[in-house]
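Enquirer: Supplied in structure tokens, the structure appears directly below.
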């Protein structure tokens, strides 16, 4: 049974999305429990596969339809994506638990069944992108994840359909660029399997076709992971999306994109291709510097909490880019660890933003006075997640920044190092402004606490608080156990060449 | 020069189509036209893939065991790009479907599909 | 090196206390205050319990979390750390009693948050004192900064919020410099553990080592209020007096000085500082602060602000003593660290006591107050005398060694700096004492109106101890022996 876990990880959510839609038409209330059970099963599959990888030290291979690669499609779980899969599964499950009350609040009743079906499809896409070992299969799953994202975002308030449409135009551009890249590589190698490509491409690195294919792949992946400057789709779409959707998308979608980038740069292509043959990592690094500075400043200028968090996502992706650009073991360790950490940090932040919007009825940070008294747990989670973004030990954010910092020092990239440190400082200003307002605003309380007069204040429900608290706990635990994670998993995920 | 164009005409076709699609996506104001541009963009890539599978003198990739005991790859058009593009077409159709739904929602809300008018309405 | 759970208890007890305080809340204030006292006593007991082993030369350690590749979050107890740990934990007991009296007399708001943050800050201070390497030090240093931020902003007035914001900007920027230096040190040497006499020698070029040292000093020096990075400290005086007393005279700024000394002695070491000629640069920079801070103090009418500048002066004196890297100057610095803590906390508690009893903050309004508040002003006199360097208060001892050390360093200039500093001390403390006792009490007529017991008792105790330490510098807390051990480990015994 355990042999089938890699494929079950994709097939089960896919099939369940159909069933949720059908059953949901008859009995609406069954959608949520089905979603929860499916995601819990996925956690089991991901955990089981990762455990196998850790205990045997070998990647787990699954050949779809028993066709041997490179003719058949192959699913692979190794140290790199096993870790990402487990993180994905945990955050997706927590997001789903959180989404229960949010969905009841934000989505019209008739749309619940389709909503959960799309939710499952999105999970399918995310899991699939991570677990697949075939380039074209990745495109398919990428598109599955993308268009469920477009649809989910389109369910939001106000200008959400418009934002979703613009996202779609941009996102399709990216996906098509990726497809073109795969096409060029296919022309010259005849293979679509990642491991196979690695073998066949090695003598072909001088070819222009390979370089162009590589460039297209990077552009496509860059759009999907919201790398500066093709990140412009992110702020509008994630801000206007319903809370239940942004909690799923924000932590996960861009991080899976980052994972794909690392796969392409370091597994499909030999690391030396991107570091020495083409100055790809250099270019990525300098663009990341611009991205971090730009989005940190944009984040500072926002008064809407959710929009600020969106720019923060772009900053975090920039940090991952710097780790990749350092081109050494330490930097890449930092990037991979940051992918894992950022999932939990962003999950915590977006959960609090959603809860504040739902109960405190505002997203404008100017109006946060008195927040800690009305929503103490939410404020505490916001503080922990914020400290992690800033990089205060013992939260996990500090440790990934530590490795990133060491990586830039080893690579003697002083500008990258300075940007990392400056970014931390800008993030600190960002968050402490919010902390100050929610904890210390001078009395008396302003008459308008962001609520319509006459409404009773509802406390956040258990199903919202528990995922938040768990996320905060993970942020600290990941920090404390960072040594083990790096030693037993990430150390093997980084290619031997470094 | 002519050789460069003539022997690689499939690439030139796809490049031209991509540029048309790209132009539509970026430069046009009407959201429907953007969508059409996006479609052209996607289909041109599909054309590109299919074109790379073609072989001179190759026939459709259906094997008749009675005629040919051994298979010579040269005789058959490469089936793999066709298979891949079936999937891509499905993806394109699904994306178009979602896009049209979003356009209906936008039209209901703003009464127009011109991007600049919608942006004006949003500012208020 | 022996494994021991005592360092863990010293760091964890305040954290557990903080959690209990949070859970008890405002509904049962007596229980909540009980947690504070209990946590402080437990912390002190744990630290005190480690004295016998440390005096004998043993190092106690407790690994919190291994992080692989030569780094771990680790607590390691050596004599130097003990000095700071003893100081912080003992004075916390004093200040806890004092806070209860102070906060209740003034009916202050948000007391739960106050005690919670105080406990967390003390956990951070203990962690800083007992950390075994730069990474652990950085972690507790950050915890200290974050925990003290709400304390500075406590009053929640616009002025308090501005001061808190300034505090944060200064300290977080300093932390960035420190992080750079830590990462660079790890990259050059592959280790972050503290070693008596330093461990960076021979790794990396002289230029790079100088830059890293500058990063450390700028970063930690911000917390130690070295000029021109001192701006935050006088502004932070807007916080309630217990905060100023413990944190800004003892825990936070002493943590900054402690970290500077850790870098000077246990990362770089006397020999490396000598080779790179860093000691003279640091000494000159810090001397400027010594003199300038005292000059500023002369101009302040607000008592707490004057005391703040005096603190800046004394911290710089400690760093100056350390940077002269001679046997006696280091001994003097190591003694001045705790002795100044006792004396300064006495002075701050007196300032708070005066505020509680009379609501006065300005020195110009304190004529004749000595007759109204004899206990407070007597304690104030003791503290002030000690800071100037007059026997029989312990300040004389530390200043004596510092001057001896300056002579040993062969630079007469620094001896003059110490003497000039003492002279200026007298110039701004003496008038306060004189006016309080000998000027007619036109502004303060009436009978004795001493502060409540809980407020007056702690300051009397610390003042008394300051005198006792003069005669018996090793009494109770073994500061002299611990300092002796440190100096011997750095200079190889004499």
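The values are calculated or read from the model by the stated rules, or taken from the named source; none is laboratory data. All values derive from a computational prediction rather than experimental measurement. All Cβ positions, glycine included, derive from the backbone under ideal geometry; neighbour counts span all protein chains shown.
Enquirer: Hey, can you tell me all the residues within region A:121-159 that are over 22 Å from residue A:180 (Cα atoms) and either within 8 Å of chain B (Cβ to nearest Cβ) or surrounded by fewer than 24 Cβ atoms within 10 Å (Cβ to Cβ) (or both)?
Expert: A:151, A:154, A:155, A:156, A:157, A:158, A:159 - these are the residues of region A:121-159 that are over 22 Å from residue A:180 (Cα atoms) and either within 8 Å of chain B (Cβ to nearest Cβ) or surrounded by fewer than 24 Cβ atoms within 10 Å (Cβ to Cβ) (or both).
Enquirer: Can I ask one more? So residue C:123 fits all but one of (1) farther than 16 Å from residue C:213 by Cβ; (2) out of contact with any helix residue (DSSP H, G or I) (no Cβ under 9 Å at 6 or more places or on another chain); (3) more than 10 Å from chain A (Cβ to nearest Cβ); what number is the exception?
Expert: So the condition that residue C:123 fails would be (2).
Enquirer: Select, from C:95, C:54, the only residue that is under 19 Å from the mean Cα position of the chain (by Cα), more than 14 Å from chain A (Cβ to nearest Cβ) and part of a helix (DSSP H, G or I).
Expert: The match here is C:95.
Enquirer: Looking only at region C:171-211, which residues are closer than 21 Å to residue C:490 by Cα and in contact with a helix residue (DSSP H, G or I) (Cβ under 7 Å, 6 or more places away or on another chain)?
Expert: Correct list: C:185, C:192, C:194, C:195, C:196, C:197, C:198, C:199, C:200, C:201, C:203, C:210.
Enquirer: Hey, can you tell me all the residues within region A:46-87 that are crowded, with 18+ Cβ neighbours inside 10 Å, outside any helix (DSSP H, G or I) and at pLDDT 90 or above?
Expert: Those that are crowded, with 18+ Cβ neighbours inside 10 Å, outside any helix (DSSP H, G or I) and at pLDDT 90 or above: A:59, A:60, A:62, A:73, A:74, A:75, A:76, A:77, A:78.
Enquirer: Now a separate question. Within region B:1-39, count every residue that is under 19 Å from residue A:167 (Cβ atoms) and not in a helix (DSSP H, G or I).
Expert: 3
Enquirer: Across region C:1-18, what is the number of residues that are out of contact with any strand residue (DSSP E or B) (no Cβ under 6 Å at 6 or more places or on another chain) and surrounded by 15 or more Cβ atoms within 10 Å (Cβ to Cβ)?
Expert: 11
Enquirer: Among the residues of region A:422-444, what is the count of those that are within 10 Å of chain C (Cβ to nearest Cβ), touching a residue at least 60 places away in the same chain (Cβ under 8 Å), in a helix (DSSP H, G or I) and more than 26 Å from the chain's Cα centre (by Cα)?
Expert: Residues that pass the stated criteria total 2.
Enquirer: Name the one entry in C:302, C:277 that is out of contact with any helix residue (DSSP H, G or I) (no Cβ under 7 Å at 6 or more places or on another chain) and on the phi > 0 side of the Ramachandran plot.
Expert: So the residue among C:302, C:277 that is out of contact with any helix residue (DSSP H, G or I) (no Cβ under 7 Å at 6 or more places or on another chain) and on the phi > 0 side of the Ramachandran plot is C:277.
Enquirer: Checking residue C:203 against (1) more than 14 Å from every other protein chain (Cβ to nearest Cβ); (2) over 24 Å from residue C:486 (Cα atoms); (3) modelled with pLDDT under 85, which single condition isn't satisfied?
Expert: (1)
Enquirer: Just wondering, is there one or more residues in region A:192-201 that are free of Cβ contacts under 8 Å to residues at least 60 places away in the same chain and facing another protein chain (nearest Cβ under 9 Å)?
Expert: Taking every residue of region A:192-201 in turn, none turns out to be free of Cβ contacts under 8 Å to residues at least 60 places away in the same chain and facing another protein chain (nearest Cβ under 9 Å).
Enquirer: Would it be correct to say that residue B:40 is more than 10 Å from chain A (Cβ to nearest Cβ), surrounded by 17 or more Cβ atoms within 10 Å (Cβ to Cβ) and out of contact with any strand residue (DSSP E or B) (no Cβ under 6 Å at 6 or more places or on another chain)?
Expert: yes
Enquirer: Still on this structure, I have one more. Please enumerate the residues belonging to region B:48-88 that are under 25 Å from residue A:125 (Cα atoms), surrounded by 13 or more Cβ atoms within 10 Å (Cβ to Cβ) and within 14 Å of the chain's Cα centre (by Cα).
Expert: Once the filter is applied, which keeps residues that are under 25 Å from residue A:125 (Cα atoms), surrounded by 13 or more Cβ atoms within 10 Å (Cβ to Cβ) and within 14 Å of the chain's Cα centre (by Cα), region B:48-88 yields B:49, B:81, B:82, B:84, B:85, B:87, B:88.
Enquirer: Here is a further query. All but one of (1) closer than 26 Å to residue A:390 by Cβ; (2) assigned to a helix (DSSP H, G or I); (3) more than 7 Å from chain A (Cβ to nearest Cβ) hold for residue C:155, so report the exception by its number.
Expert: (2)
Enquirer: Looking at the structure I just gave you, is residue C:283 under 30 Å from residue C:194 (Cα atoms) and at pLDDT 85 or above?
Expert: Yes; evaluated as a whole, the condition is true for this residue.
Enquirer: For the condition more than 8 Å from chain A (Cβ to nearest Cβ) and closer than 28 Å to residue A:164 by Cβ, what is the one hit in B:104, B:45?
Expert: Exactly one residue qualifies, and that residue is B:104.
Enquirer: Given C:354, C:318, C:363, C:345, which one is within 18 Å of residue C:284 (Cβ to Cβ) and either in contact (Cβ under 8 Å) with a residue 12 or more places away in the chain or surrounded by 24 or more Cβ atoms within 10 Å (Cβ to Cβ) (or both)?
Expert: After ruling out the rest, the residue left standing is C:318.
Enquirer: Taking the conditions exactly as written (crowded, with 22+ Cβ neighbours inside 10 Å, touching a helix residue (DSSP H, G or I) at 6+ places or on another chain (Cβ under 9 Å), at negative phi and not in a helix (DSSP H, G or I)), does residue A:167 satisfy them or not?
Expert: no
Enquirer: Taking the condition of being assigned to a helix (DSSP H, G or I), surrounded by fewer than 21 Cβ atoms within 10 Å (Cβ to Cβ) and more than 8 Å from chain C (Cβ to nearest Cβ), how many residues in region A:394-421 meet it?
Expert: Residues that pass the stated criteria total 3.
Enquirer: Taking region C:404-421 as the search range and keeping residues that are surrounded by fewer than 21 Cβ atoms within 10 Å (Cβ to Cβ) and under 24 Å from the mean Cα position of the chain (by Cα), which one is farthest from residue C:331 (Cα to Cα)?
Expert: It comes out as C:420.
Enquirer: Do the conditions hold for residue C:34, that is, is it under 27 Å from residue C:191 (Cα atoms) and assigned to a helix (DSSP H, G or I)?
Expert: no
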